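Worksheet for the structure shown next.
The values are calculated or read from the model by the stated rules, or taken from the named source; none is laboratory data. Note that the structure is predicted; figures quoted are calculated from it, not measured. The area values use the complete protein model at the heavy-atom level, side chains included, leaving out ligands, DNA and RNA. Shrake-Rupley method; radii C 1.70, N 1.55, O 1.52, S 1.80 Å.
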Amino acid sequence: MDWKDSYDIGVEKIDCQHRQLLVKLNDFFEACTNQQGKDKIEETLKFLKDYTVEHFGSEEQLMKDIDFPELTEHQKTHAEFVQTVLDLEESIKTKGVSVLSTIKLNRTLTDWLINHIHKCDKLIGDCIAAKGNKAV
Ligand SMILES: [Fe+2]
């Protein structure tokens, strides 16, 4: 998947973090296409654990700064994503890497791109624009 300018929310720090995530996800998707998802899953989960702390922290701070009306719901979605990553990590620790865990991560990440970054995160940009870019 390529990044499109229309995915930008208009805040450089957040857009950079999103682009950085897409690079990693594409690595994983490519590995899955080549039947090498099992080799990449642990590295991807490790990346996601660090990335989500930093990125969700930045995004949630931004939402607070602009009095984003759907902050609580958005935070809940972030927490669910973190939980999915932790659950997958736990499952790999106890049961080892499986094709099923690879498929689960692939689906979670695809859904995250399409439904979260391209839709929910865009609402943050819309909110900033509605405030006349004064909040940031
Ligand atoms: Fe978000």
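Taking the square root of 5 times each eigenvalue of the Cα gyration tensor, what semi-axes in Å does the equivalent ellipsoid of the chain have, largest first?
Semi-axes from the Cα gyration tensor: 29, 16, 11 Å.
Of all accessible surface on the chain at a 1.4 Å probe, what whole percent is carbon and sulfur?
Result for the chain: 52 percent of the exposed heavy-atom area is carbon or sulfur.
Any idea of the accessible area per residue across the chain, 1.4 Å probe, to the nearest Å²?
The answer is 58 Å² per residue.
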